[in-house]
Amino acid sequence: MNRSQLGLFALLLFLCLQPCSHAQDAHAIVQNAVNTEIAADQADHSCWIFHEVDRKANGRVTQWVAETPNNDVNRVIMKNGHAISLDQQHKAVDAFVQDQSAQAKQREDNEKDSKQADSLLRLLPEAFQWKFSRRTQTSTTLQYSPDPSFKPPTREARVFAAMAGTLTVDNKQHRIREFKGHLVHDVDFGGGILGKLEKGGTFRIERSQLAPGIWDITQSHIHIQGHALIFKSISEQEDDVKTSWTREPDSVTVQQAASAIFKR
């Protein structure tokens, strides 16, 4: 093999190997981000008060939310365009503070949502095929599409694995900044009897740094057509925006949160 042939062979070998190398690098970035998020979530015990505007198919709620280690205290100030009087706000918050069963139910729902989110997060590296989209000084954006070899372990994972889109990761902290996508095909359950979600539905989740090393979801937009009986706490039509974050003591009690929330 002469020098020119050797050079051509080396070039062809480089071109053949390059996509695989990029895919491996992209996968490594995703795995690193997932590991970082899981570790950060386990270490984060911070509590916050924030303003939330939550629009769902069945109505719109504007409220202040105060987190505690065990529960969230919600002060609804407007519902479906109607202002809630200050007296009604106090009565609703006081009723929650005194209702142990309501608090227990909220904790149960929150724990279920947290476990489901954690399970889906862990599936990111294996549920999709990854490749680079763009890179800036501060972030890297990766494209993903369903991996045909992936076998979803749950119904929720079936919906998750039918998505394609982009994931943006912070270069320095390896935290997820944005996760968005769309359903690439219909997803039905029980032949459509238990539910069906239609191709083309979209979602977008934005996350921001609230304090050094502490990140949280600040916006979520879900617009999926169809119905699904399997989802209990996730709306298929929702725009949720959280702003005006203020940190509270990590050990704040429900009673203290109820008092602090009326100072906003």
Could you identify the single residue in Gln116, Gln106, Gln143 that is in a strand (DSSP E or B) and among the polar types (S, T, N, Q)? Gln143
Does Ser101 satisfy the criteria of being of a type outside the set (D, E, K, R), assigned to a helix (DSSP H, G or I) and modelled with pLDDT under 95? no
What single numbered condition from (1) under 21 Å from Ile224 (Cβ atoms); (2) in contact with a helix residue (DSSP H, G or I) (Cβ under 9 Å, 6 or more places away or on another chain) fails to hold for His174? (1)
Let me spell it out: the conditions are (1) at pLDDT 95 or above; (2) under 18 Å from the mean Cα position of the chain (by Cα), and Arg107 meets all of them except one. Which number is the exception? (2)
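Yes/no matrix, rows are residues, columns are (1) over 29 Å from Gln225 (Cα atoms); (2) surrounded by 13 or more Cβ atoms within 10 Å (Cβ to Cβ):
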{"residue": "Ala26", "(1), (2)": "yes, yes"}
{"residue": "Ile38", "(1), (2)": "yes, yes"}
{"residue": "Asp44", "(1), (2)": "yes, yes"}
{"residue": "Ile49", "(1), (2)": "yes, yes"}
{"residue": "Val53", "(1), (2)": "no, yes"}
{"residue": "Asn58", "(1), (2)": "no, no"}
{"residue": "Ala95", "(1), (2)": "yes, no"}
Residues of region 157-185 being part of a loop (DSSP other than H, G, I, E, B) and basic (Lys, Arg), which ones? Lys172, Arg175
For region 194-222, what are the residues that are in contact with a Leu (Cβ under 9 Å, 6 or more places away or on another chain) and either more than 30 Å from Asp44 (Cβ to Cβ) or among the aliphatic types (A, V, I, L, M) (or both)? Leu194, Gly195, Leu197, Glu198, Lys199, Gly200, Gly201
Count - residues of region 153-177 that are closer than 17 Å to Phe203 by Cβ, modelled with pLDDT of 90 or more and either β-branched (Val, Ile, Thr) or surrounded by fewer than 17 Cβ atoms within 10 Å (Cβ to Cβ) (or both): 4
What number of residues within region 209-237 are at pLDDT below 95, polar (S, T, N, Q) and part of a strand (DSSP E or B)? 2
Kindly indicate whether any position in region 98-114 is more than 20 Å from Gln219 (Cβ to Cβ) and in contact with a strand residue (DSSP E or B) (Cβ under 6 Å, 6 or more places away or on another chain). no
Quick one: what pairs do we get from region 132-143, first residue farther than 10 Å from Val169 by Cα and without any contact (Cβ under 8 Å) to a residue 60 or more places away in the chain, second among the charged types (D, E, K, R) and assigned to a strand (DSSP E or B), C-beta under 7 Å, 6+ apart or different chains? Gln143/Lys131
Filter result (part of a loop (DSSP other than H, G, I, E, B) and of a type in the set (Asp, Glu)) within region 238-256: Asp250
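The values are calculated or read from the model by the stated rules, or taken from the named source; none is laboratory data. Note that the structure is predicted; figures quoted are calculated from it, not measured. Ideal geometry is used to build each Cβ from the backbone, glycine not excepted, and the neighbour counts take in all protein chains shown.
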